[in-house]
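The values are calculated or read from the model by the stated rules, or taken from the named source; none is laboratory data. As the structure is a computational prediction, the values presented were derived from the model and not from experiment. All Cβ positions, glycine included, derive from the backbone under ideal geometry; neighbour counts span all protein chains shown. To get the accessible areas, we keep the full protein, side chains included, count just its heavy atoms, and leave off ligands, DNA and RNA. Shrake-Rupley method; radii C 1.70, N 1.55, O 1.52, S 1.80 Å.
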Amino acid sequence: MLIDGAAVDWARAQFALTAIYHWLFVPLTLGLGLIMAIVETKYYRTGDVFWRKASQFWQRLFGVNFAMGVATGIILEFEFGTNWSNYSWFVGDIFGAPLAIEGIVAFFMESTFVAVMYFGWDKVSKGFHLTSTWLTWVGATISAWWILVANSWMQYPVGCEFNPDTMRNEMVSFADVALSPYAVDKFLHTEISSWIIGAVFVVAVSGWYLLKHREAERQLALKSLPIGAVVGLVASVLAAVTGDESAYKVAQVQPMKLAAMEALYNGGNDVSLTGVALVNPFAQPDYETEEEAPLRIAIPNGLSLLATRSLHGYVPGVNDIIKGYTREDGTVEPSVAEKMERGRTAIAALASYRQARADGDSLEAAIALEALRPNMQYFGYGFLKDEHEVVPFIPVNFWAFRTMVGIGSLLVLYFAVLCFLLWRRKDVAGQRWLLWAAIALVPLTYICSECGWVVAELGRQPWTIQDMLPVSASVSDISAGAVATTFFLFLVLFTAMLIVELNIMFKQIRRGVDPLPAPPQGGE
């Protein structure tokens, strides 16, 4: 089957568009869900009506964002069937399992308890209502877990075997898929980074009330600030730790992604970690002839330590991966050209096997199967036309990674300063620069989060499933015009949804917290 290259590009663009918009809503759901549960816990423990009103305020904002996330998420999952049917057929037994669990268990759980959270005030006990609020957040977190398990499997496919009779990869170990070290670390890093967005949002809203001298919301702002600050500081530090572990995992299973992130053309031992370099953001560098990116400032031995946990460890560069290299454990990694040749052998052997089975020739089928098995791990390479296709677009990965790390470092500094001032009981309300900085950090934090996903997804190109199935062999047999039409329809739809969500959120913020009940009059 021949797939139009334009259809591949439009399918990728549409999926990227949907994913980027979806990710505008999801992290705030995860982060704000944690904080609203903490606030209601304060109400449960103190019985102070203020904390109830504060909890209801943050829950209103959570609800608006939650609804938008659900809408975009449903469209995202449907695209696997419409635009990526070859992919869905090839690995549907594996990829579909975590998504099914997410829909049946996690989404059902959060949808059930969110109803109790909103409509159960004064209808259920305080303890049951608090439990429902926490379980709403837990349900959203479990939902994120299963989605990230599915995504992590695409980055690091484990727990499966190819069945030549069904032409599908089939799951042989659910535990290997669900508890993959890559999945665990990816979940922790993504979940924790979402807490940062929730914390920045709470601090920014509180700061806006203080800047506008909203006396009715002053108590809400002053009491929400410490919660947001502590959650933000803890999360930003933990995000740095899990991010380091994530980079280590990438070095082990996706060395080309790491090489692109670092603009590392030629690897070796004692490799430095690039701080900044003059990488043209608009053009793929000539990595075959350039020794390294110009004007490079680096930390000596830093990349070796990050990638191998040794100051002197070997890290392959782009050219090493293309030409073949020897890993730290002595394993020889074949060149891309050899992998492509073995991939074509696997494709031919599979065709021979299926033909022999159709003809009832068991001997020929056995011979073909013997040729298929040792080469199946390179099956995806057989679809590539040029060895340089395995190199992702280096500038996007290089700069997106540095943007993410730079903003992440800024967040650690900001929350550390804010927590220090709160600990010293300084008048934070009078520190206008600190409050304006919180508002400015909201879009920056979203940029940081989106950059993380850009590196994760574009860094593994040209693969839909790392080393197993390239993007060009994953798409549906659909015209480029049809996908382009729906791309622009979704662009308009999602932009309208975002505008509506922002408008509702801003109105709710301007509305503020519901007034506290008036104290009883004397003699009553």
Q. Across segment 298-331, what is the number of residues that are open to solvent by 60 Å² or more (accessible area, probe 1.4 Å), modelled with pLDDT under 90 and not charged (D, E, K, R)?
A. 2
Q: Please find, within segment 319-350, the residue that is nearest to Glu262 (Cα to Cα) out of those that are acidic (Asp, Glu) and in a helix (DSSP H, G or I).
A: Asp320
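Quick one: which of Ala263, Ala204, Ala251 is open to solvent by less than 30 Å² (accessible area, probe 1.4 Å), at pLDDT 95 or above and either under 27 Å from the mean Cα position of the chain (by Cα) or not acidic (Asp, Glu) (or both)?
Ala204
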Q: Working only within segment 83-102, note down all residues that are in a helix (DSSP H, G or I), in contact with a helix residue (DSSP H, G or I) (Cβ under 8 Å, 6 or more places away or on another chain) and either surrounded by fewer than 21 Cβ atoms within 10 Å (Cβ to Cβ) or of a type outside the set (A, V, I, L, M, F, W, C) (or both).
A: Asn86, Tyr87, Ser88, Gly96, Ala97, Pro98, Leu99, Ile101, Glu102
Q: Could you tell me which residue of segment 450-468 is surrounded by the most Cβ atoms within 10 Å (Cβ to Cβ), considering only residues that are in a helix (DSSP H, G or I) and in contact (Cβ under 8 Å) with a residue 60 or more places away in the chain?
A: Val455
Q.
Out of Ala19, Ala54, I need the residue that is in a helix (DSSP H, G or I) and open to solvent by less than 10 Å² (accessible area, probe 1.4 Å). Which one?
A. Ala54
(Q) For segment 423-438, which positions are open to solvent by 50 Å² or more (accessible area, probe 1.4 Å), in a helix (DSSP H, G or I) and in contact with a helix residue (DSSP H, G or I) (Cβ under 8 Å, 6 or more places away or on another chain)? (A) Arg432, Trp436
Q) Just wondering, is there one or more residues in segment 266-277 that are exposed (fewer than 14 other Cβ atoms within 10 Å of the Cβ), modelled with pLDDT of 90 or more, of a type in the set (A, V, I, L, M, F, W, C) and part of a loop (DSSP other than H, G, I, E, B)? A) no
Q. Filter segment 151-176 for residues that are β-branched (Val, Ile, Thr) and out of contact with any strand residue (DSSP E or B) (no Cβ under 6 Å at 6 or more places or on another chain); which is modelled with the lowest pLDDT?
A. Thr166
Q | First in segment 482-496 and closer than 11 Å to Asn83 by Cβ, second anywhere and β-branched (Val, Ile, Thr) and outside any helix (DSSP H, G or I), Cβ under 9 Å, 6 or more apart | A | Val483/Val475
Q) Using beta carbons and a limit of 7 Å, which pairs, at least six apart or on different chains, have the first residue in segment 105-134 and closer than 14 Å to Tyr44 by Cα and the second one open to solvent by less than 60 Å² (accessible area, probe 1.4 Å) and in a loop (DSSP other than H, G, I, E, B)? A) His129/Gly120; His129/Trp121; Ser132/Gly120
Q. Does any residue of segment 71-81 turn out to be of a type in the set (Phe, Trp, Tyr) and surrounded by fewer than 22 Cβ atoms within 10 Å (Cβ to Cβ)?
A. yes
Q: Check off (1) in contact with a Gly (Cβ under 7 Å, 6 or more places away or on another chain); (2) more than 21 Å from Val513 (Cβ to Cβ); (3) modelled with pLDDT of 85 or more for Thr136 and give me the number that stays unchecked.
A: (2)
Q.
When you scan segment 161-173, do you find a residue that is open to solvent by 30 Å² or more (accessible area, probe 1.4 Å) and assigned to a helix (DSSP H, G or I), even just one?
A. no
Q. Hey, any hits in segment 471-479 for a residue that's closer than 18 Å to Pro27 by Cα, surrounded by 17 or more Cβ atoms within 10 Å (Cβ to Cβ) and at pLDDT 90 or above?
A. no
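Identify all residues within segment 377-415 that are part of a helix (DSSP H, G or I), more than 30 Å from Thr445 (Cβ to Cβ) and open to solvent by less than 40 Å² (accessible area, probe 1.4 Å); write none if there are none.
Residues of segment 377-415 that are part of a helix (DSSP H, G or I), as a first pass: 377-383, 387-390, 394-415.
Those still in the list that are more than 30 Å from Thr445 (Cβ to Cβ) too: 377-383, 387-390.
Of everything in segment 377-415, those that are part of a helix (DSSP H, G or I), more than 30 Å from Thr445 (Cβ to Cβ) and open to solvent by less than 40 Å² (accessible area, probe 1.4 Å) turn out to be Tyr378, Phe379, Gly380, Tyr381, Gly382, Val390.
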Q. Just one of the numbered conditions (1) surrounded by fewer than 20 Cβ atoms within 10 Å (Cβ to Cβ); (2) under 22 Å from Tyr21 (Cα atoms) is not true of Trp146; which one?
A. (1)
Q: Check Tyr287, Tyr353 and return the single one that is in a loop (DSSP other than H, G, I, E, B) and either touching a residue at least 60 places away in the same chain (Cβ under 8 Å) or over 25 Å from Val250 (Cα atoms) (or both).
A: Tyr287
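When you look at Tyr353, is it aromatic (Phe, Trp, Tyr), modelled with pLDDT of 90 or more and over 21 Å from Tyr87 (Cβ atoms), yes or no?
Working: aromatic (Phe, Trp, Tyr): yes; modelled with pLDDT of 90 or more: yes; over 21 Å from Tyr87 (Cβ atoms): yes.
Against the criterion (aromatic (Phe, Trp, Tyr), modelled with pLDDT of 90 or more and over 21 Å from Tyr87 (Cβ atoms)), Tyr353 qualifies.
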**Q.** Pairs where the first residue, in segment 359-375, is closer than 17 Å to Arg342 by Cβ and the second is loosely packed, with under 15 Cβ neighbours inside 10 Å and of a type outside the set (S, T, N, Q), C-beta under 9 Å, 6+ apart
**A.** Ala368/Ala351
Q: Please specify each residue of segment 108-143 satisfying the condition of being surrounded by fewer than 22 Cβ atoms within 10 Å (Cβ to Cβ) and acidic (Asp, Glu).
A: Asp122
Q | Condition broken by Gln155, with the remaining ones in (1) within 22 Å of Ala11 (Cβ to Cβ); (2) polar (S, T, N, Q); (3) surrounded by fewer than 21 Cβ atoms within 10 Å (Cβ to Cβ) satisfied | A | (3)
(Q) I'd like the full set of residues that are more than 18 Å from Ile227 (Cβ to Cβ) and either free of Cβ contacts under 8 Å to residues at least 24 places away in the same chain or among the acidic types (Asp, Glu) (or both), limited to segment 410-426. (A) Leu413
